[in-house]
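Undergrad: One structure is given below, represented as structure tokens, and several questions about it will come after.
Quick note: the coordinates plus some simple rules give every number you see, no bench work behind them. Quick caveat: nothing in here was measured; it's all calculated off a predicted structure. Counting neighbours? That spans all protein chains shown, and the Cβs are built from the backbone with ideal geometry, glycine included.
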Amino acid sequence: MSHSNYNLHSDNVMAKVMNHRNGFQITLPGGYRASFSFGQGSYADNRYAGMGTTPAPAQWESNNFELAVFDPEDEMMDLVAYTDDDGVRHTDTVVGYVPAYYLRTVLLRIAMWGPFETSREENKRRALVLGDACERARKEFGKLETEVVSPCE
């Protein structure tokens with residue numbers, strides 16, 4: 001994978017932007033990295049774009065994205081957790097089809113997380129809360145897209 005880095009501030013702040021083949025990542029000052037993917041294979045509108053006989057575009061555009069979050073030790077964080085009918089707990093490290101308008105909220109939430117050294121467990125809980133909020137935003141946006149509102153009403 002080829003990617004480019006651009007430091008937003010000085011190196012000691014640890015804030016930078018990196019692009020990759022299907023989107024981009026932002027490392028925030030606390031060292032947490034948010035990955036926004038919306039190209040081929042991502043859980044986004046372009047999931048199947050460029051597969052088969054259709055060539056992939058040179059640039060991706062989407063109304064939604066797939067989110068993953070990495071801690072400062074480069075481990076993916078659980079964003080989704082649920083218990084199935086048999087009582088088995090499952091987790092997932094990505095949440096998909098998050099509306100594009102929610103990107104700013106994602107960044108603001110992660111930027112508010114406490115230091116990794118002292119808030120590791122609390123930030124794991126916050127990651128699950130973030131994933132839940134992303135899923136709610138996706139469902140709410142889906143409702144807005146399917147509602148038909150007459151301009152005369």
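Undergrad: Where q = 0.10, 0.11, 0.19, 0.22 Å⁻¹, what log10 of I(q)/I(0) comes from the Debye formula for region 34-148, counting one point per Cα?
TA: Treating every Cα as an identical point scatterer, log10 I(q)/I(0) equals -0.35, -0.42, -1.04, -1.21.
Undergrad: Taking neighbour counts of Cβ atoms within 10 Å as a proxy for exposure, in what order, fewest first, do LEU28, LEU67, LEU107 appear?
TA: LEU107, LEU28, LEU67
Undergrad: If packing is taken as the average count of other Cβ atoms within 10 Å, what order do 81-91, 33-43, 131-141 fall into, highest mean first?
TA: So the order, starting with the most tightly packed, is 33-43, 131-141, 81-91.
Undergrad: Sticking with this one: Quote to one decimal, in nm, the extra length available between ASP86 and GLU73 on full extension: 0.36 nm per residue of separation minus the C-alpha distance between them.
TA: 1.4 nm
Undergrad: Now for a separate question. Largest first and in whole Å, what are the equivalent-ellipsoid semi-axes of region 15-77 based on the Cα gyration tensor, each being the root of 5 times an eigenvalue?
TA: 25, 11, 9
Undergrad: To continue, here is another question. Which semi-axis lengths, in whole Å and largest first, follow from the square roots of five times the eigenvalues of the Cα gyration tensor of region 64-124?
TA: Semi-axes from the Cα gyration tensor: 21, 19, 10 Å.
Undergrad: Further question: Given the options GLY30, SER119, PRO57, identify the residue whose Cα lies farthest towards the positive end of the charge dipole of region 4-146 (+1 on Cβ of Lys, Arg; -1 on Cβ of Asp, Glu).
TA: PRO57
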